[in-house]
Amino acid sequence: MSYKSLSHFIEVLESQGELMRIKEFVSPFLEITEITDRVVKSGGKALLFENTGTSFPLLINAYGSEKRMCLSLGVKDLGDFEKDIFRLLQEFTKPRDRFVDKLKVLPVLQELSSWMPKNIKGKGDCQEIVMEDPDITKLPVLTCWPADGGPFVTLPVVHTRDPHTGNRNTGMYRMQVFGPKLTGMHWHLHKGSARHYQLYKEAGLQMPVTVTLGGDPAYTYSATAPLPENIDEYMLAGFLRRKKVEMVKCLTNDLEVPSDVDFVIEGYVDPAEDLILEGPFGDHTGFYSLADMYPRFHITSITHRKDAIYPATIVGIPPMEDGWIGKATERLFLGPIKMSSVPELLDMDMPVEGVFHNITLVKINKTYPGQGMKVMSSMWGAGQMMFNKIMMVLPDSTDIHNYCETARVISQNTDPLRDIQFVKGPVDVLDHSSQFFALGSKIGIDASDKLAGEIGPEEKPPVNPEINEAFILEQFPGIIRMNAELTRDGISMVIVSLDKNRKGQVREMGTRLLQQKFISNVKFLLFLDKEMDVFNYRDVAWITANNIDPVRDCFFVRDADQPFLCLLIDGTRKTAALDGFQRDWPNIIIMDDATILKVDENWRKYGFDTPLPSPSHLYKSLVINDGATVRPGS
């Protein structure tokens, strides 16, 4: 299904009971974020803020459920995309020896051509209104979290072009607003637009850049999709909406944009110009991404539709709206990964607690020894899967979307020493736990069924764990809480929260617990900071995946009497004093008390009947100090 405009999509959301209009004035400074955070985490509706103090309404949480994600892309089920792409790939890879067989591909080629973007003459609806003096501060740009460096555009589709080939790239990169005609351009090291920037810099040329907001939701989604290099995102958008995207030329540069978007912000980046300090920003990891130097984007023109609506999103501690965008990507790209590099792949799941890149569960059809390890290597080499930090390979009988079942299978099928591998490589630039920027390590767990050649001659059967929790808490005053209940459910893991106050404490304490038989027959022992609730498994997964660099923070404890080695995992916060960690460590994102109180007091004025507490209350104990950075000594 194609949408004529963002307003058209809003009409559909409202007809499906998926939209709430808020007529009361709500400030884009923190207040919209606090309301939205409550609604998102309670599974609530999309929100249309009609009075933002500007001339434009603001739409948020438009993609914050499976139903709305499906509506945005015009499907009944996100798995429909996988079937369609798989069908197309199969058509192109079939052997076609006879002429008549070759003719059969023509309808497929015709189908592909119907999705190719098309340039049209004249102006589009997106250029109905031209700001005489372009001023991005006239839009309701959100300041999302208390320690943010300023207001940020959070759902921009950024258009650039390779100066040599002319190939277009669109991506989604946040933009901090510094003034009426100046923003930052936060394109990451590994992204297409960053590569274009380097090419313009080498050529000594000014770089044209255009940003669009709104229009068909397929445009927004396609800008986030991990497409191969030189594949036009608007071809994907055409496939998703089953209709080619009509493009019009910008007014002040030579780029083209969809004719029916809500806003067009044109300008340029000068690679010869000094970078600007951008950030901090409360990011999708649930932690602040800290201030760093990025290019300046100079605005030369802003145009918009007469009925323009400003789209936005907020990110932070999961679950958030962007988690559903990630689920669409998970379904959409399952087929291409299977066809191109991992034919044994049956299914995959990227839990929202893994914030896209930290955790991936993979189910395979295994037919030969070592295949689980091969799958890990293949997937870590598949595009943006290179950012994955924790990969677990499961047998075909596992429901990998049932995390308790998955954990039990991992416990049953894994010998930590034999079935775990560590590799070094690129990590996401937002990863705060690696020793070096954008470079760290990964852990792979092969929990597939073991075949002949993978099982040792003296393979020992599983042994029930032995844990005396009360005695441990008495003997180890540094341990705040211990969770051994998972072992009673067939999951071979113990979770400990620790008052960490000296060097080497985690390794020393873990080794003592195991070698002195305080804990026996457990495969995984996880240490977290004293503030953590060790019984909140979603937060345990989120914090652990964010806080570990696997090669540094995972280590085996040898004990001859135990049938297997135990993997100790240090999921604690890292500091220079105790861990020799030299990078700044970011704070967890929560809202300030004044904004929480304001929203509490105005809750019914907004139009809500049922009170919703602030999610930030749940995480106050995890925040070490004010600001985006954890201060030394904290």
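The values are calculated or read from the model by the stated rules, or taken from the named source; none is laboratory data. Because the structure is a prediction, the values reported are computed rather than measured. We place every Cβ from the backbone using ideal geometry, glycine too, and count neighbours over all the protein chains shown.
Are any of the residues in the stretch 357-367 under 17 Å from the mean Cα position of the chain (by Cα) and at pLDDT below 95? Yes, some residue in the stretch 357-367 is under 17 Å from the mean Cα position of the chain (by Cα) and at pLDDT below 95. Summed over the stretch 490-514, residues that are farther than 21 Å from Gly633 by Cβ and either without any contact (Cβ under 8 Å) to a residue 40 or more places away in the chain or assigned to a strand (DSSP E or B) (or both) total 7. With a requirement of 3 or more residues that are out of contact with any Asp or Glu (no Cβ under 8 Å at 6 or more places or on another chain), the strands (runs of 3 or more DSSP E) lying completely within the stretch 209-310 that satisfy it span 263-269. Glu353 fulfils the conditions (1) touching a Phe, Trp or Tyr at 6+ places or on another chain (Cβ under 9 Å); (2) of a type outside the set (Val, Ile, Thr); (3) closer than 16 Å to Gly444 by Cα except for a single criterion, (3). Residues in the stretch 314-369 that are out of contact with any Leu (no Cβ under 8 Å at 6 or more places or on another chain), within 30 Å of Ile455 (Cα to Cα) and of a type in the set (A, V, I, L, M): Val342, Leu346, Ile359.
Taken over the stretch 379-417, residues that are in a loop (DSSP other than H, G, I, E, B) and of a type outside the set (A, V, I, L, M, F, W, C) amount to 12. Of everything listed in (1) over 30 Å from Glu31 (Cβ atoms); (2) touching an Asp or Glu at 6+ places or on another chain (Cβ under 9 Å); (3) surrounded by 16 or more Cβ atoms within 10 Å (Cβ to Cβ), the single unmet condition for Ile120 is (3).
Residue check: Ser448 meets all listed conditions (1) within 22 Å of Pro586 (Cβ to Cβ); (2) touching a Gly at 6+ places or on another chain (Cβ under 6 Å); (3) among the hydroxyl-bearing types (Ser, Thr, Tyr) but one, namely (1).
Yes/no per residue for (1) touching a residue at least 40 places away in the same chain (Cβ under 8 Å); (2) buried (at least 19 other Cβ atoms within 10 Å of the Cβ):
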{"position": "Lys374", "(1), (2)": "no, no"}
{"position": "Gly381", "(1), (2)": "yes, no"}
{"position": "Lys389", "(1), (2)": "yes, yes"}
{"position": "Met392", "(1), (2)": "yes, yes"}
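From the list Val141, Val153, Val157, the lone residue that is closer than 22 Å to Val245 by Cα and crowded, with 22+ Cβ neighbours inside 10 Å is Val157. Taking only the stretch 347-372 into account, find how many residues are surrounded by fewer than 23 Cβ atoms within 10 Å (Cβ to Cβ) and out of contact with any helix residue (DSSP H, G or I) (no Cβ under 8 Å at 6 or more places or on another chain). Of the residues in that region, 6 qualify. Checking each residue in the stretch 39-88 for being without any contact (Cβ under 8 Å) to a residue 24 or more places away in the chain and closer than 18 Å to Pro318 by Cβ picks out only Gly43.
The residues listed here are Asp489, Asp499; of these, the one that is out of contact with any Leu (no Cβ under 8 Å at 6 or more places or on another chain) and either crowded, with 22+ Cβ neighbours inside 10 Å or within 29 Å of Lys620 (Cβ to Cβ) (or both) is Asp499.
Output the residues belonging to the stretch 225-250 that are of a type in the set (Lys, Arg) and in contact with a helix residue (DSSP H, G or I) (Cβ under 7 Å, 6 or more places away or on another chain). Hits for the stretch 225-250 are Arg241, Lys244.
Checked against the criterion of being of a type in the set (Asp, Glu) and either buried (at least 23 other Cβ atoms within 10 Å of the Cβ) or under 20 Å from the mean Cα position of the chain (by Cα) (or both), the stretch 210-223 contains one or more residues that satisfy it. Exactly one residue out of Leu205, Leu227 is surrounded by fewer than 23 Cβ atoms within 10 Å (Cβ to Cβ) and either at pLDDT 95 or above or not assigned by TED's automatic domain parsing to the domain that holds Pro180 (or both), and it is Leu205.
Of the strands (runs of 3 or more DSSP E) contained entirely in the stretch 130-185, those carrying at least 1 residues that are aromatic (Phe, Trp, Tyr) fall at 175-179.
Is there a residue being closer than 20 Å to Val540 by Cα, modelled with pLDDT of 95 or more and not basic (Lys, Arg) anywhere in the stretch 372-390? Yes, the conditions are met somewhere in the stretch 372-390.
In the stretch 588-634, how many are over 18 Å from Ala147 (Cα atoms), surrounded by 16 or more Cβ atoms within 10 Å (Cβ to Cβ) and touching a strand residue (DSSP E or B) at 6+ places or on another chain (Cβ under 7 Å)? Selection size over the stretch 588-634: 1. Screening Lys517 against (1) touching an Asp or Glu at 6+ places or on another chain (Cβ under 8 Å); (2) surrounded by fewer than 16 Cβ atoms within 10 Å (Cβ to Cβ); (3) not in a loop (DSSP other than H, G, I, E, B) leaves a single unmet condition, (3).
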